[in-house]
Each structure stands twice: as C-alpha cells, then as structure tokens.
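**Q** Pasting in a structure now, in structure tokens, and then I'll have a few things to ask.
The values are calculated or read from the model by the stated rules, or taken from the named source; none is laboratory data. Since we're looking at a predicted model, the values are computed, not measured. Cβ: placed from backbone, ideal geometry, glycine included. Neighbour counts: every protein chain shown. Just so you know, the surface numbers come from the protein's heavy atoms only, side chains and all, with ligands and any DNA or RNA stripped out. Shrake-Rupley method; radii C 1.70, N 1.55, O 1.52, S 1.80 Å.
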Amino acid sequence: MARSKFQSNEGAIKKVAEQRVAKMAADLTRELNALTAEYEGRPLDEVKAAVQQVWARQTGGGTITDPELTQFAEQIAAGGRVSVELA
C-alpha cells in the first residue's frame, strides 16, 4: 500500500483565510454602500431589511448583530457610507 505524507503549512493557510476575510469585508462594504442610492431617507425598518439581505447573501447565510445592523442602517438612511471590518 502506498504511503502519503501530508504536511500543512499553517502560515499559508492563515494567509489565505485572512485574504478571504478581507475580500468578504470589501465586498460587504461595497454592496452596503450601494444601498445608499435607493434607501437614503427611507424608514429604518426598510433599510435594516435590505442590510440583512445583503449581509446574508455575502456571508453565506451569516447574521449581523442588532447594534451593528442598526448602525449600518442609520448611516445608509442618512446618506452616509459604511465600512465593514471583519475579525
């Protein structure tokens, strides 16, 4: 029977994971800021629903905490920009 030896490079795995998280944060930021054109001045509940939809789509069904959701929605409704930073 053939024997295989697997070696993992934790540094490379960590780098790839960090790059993926950075890309996800950038994609979320871009898509959330795109909501401003449509949702500026709209009721907060409508903006929150739109933010949740974008968040779930970009994170593969992930959720956002209510304080963060409210903060993003308020900023978008006010015509501002948001920045997503994932840890």
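**Q** Among the residues of the stretch 32-45, write down those that are among the charged types (D, E, K, R) and either open to solvent by less than 70 Å² (accessible area, probe 1.4 Å) or in contact with a Gly (Cβ under 8 Å, 6 or more places away or on another chain) (or both).
**A** If the condition is that a residue be among the charged types (D, E, K, R) and either open to solvent by less than 70 Å² (accessible area, probe 1.4 Å) or in contact with a Gly (Cβ under 8 Å, 6 or more places away or on another chain) (or both), then E40 is the only one that fits.
**Q** Just give me the residues in the stretch 73-87 being under 21 Å from M24 (Cβ atoms) and either within 11 Å of the chain's Cα centre (by Cα) or not in a helix (DSSP H, G or I) (or both), in sequence order.
**A** R81, V82, S83, V84, E85, L86, A87
**Q** Shifting gears a bit: Could you list, in sequence order, the residues of the stretch 70-87 that are at pLDDT 95 or above and surrounded by fewer than 18 Cβ atoms within 10 Å (Cβ to Cβ)?
**A** T70, Q71, E74, A78, G79, G80, R81, S83
**Q** Checking the structure you have, find out if any residue of the stretch 9-27 is at pLDDT 95 or above and polar (S, T, N, Q).
**A** No, the stretch 9-27 has no match at all.
**Q** Those residues that are among the polar types (S, T, N, Q) and within 14 Å of A78 (Cβ to Cβ), I need them from the stretch 31-63; list them, please.
**A** The answer is N33, T36.
**Q** For the stretch 47-62, give me each residue that is open to solvent by 70 Å² or more (accessible area, probe 1.4 Å) and either more than 14 Å from M24 (Cα to Cα) or not in a loop (DSSP other than H, G, I, E, B) (or both).
**A** Scanning the stretch 47-62 gives Q52, Q53, R57.
**Q** When the stretch 4-30 is examined, which residues are found to be among the hydrophobic types (A, V, I, L, M, F, W, C), more than 30 Å from A73 (Cβ to Cβ) and open to solvent by 50 Å² or more (accessible area, probe 1.4 Å)?
**A** Listed by number, the residues that qualify are F6, I13, V16.
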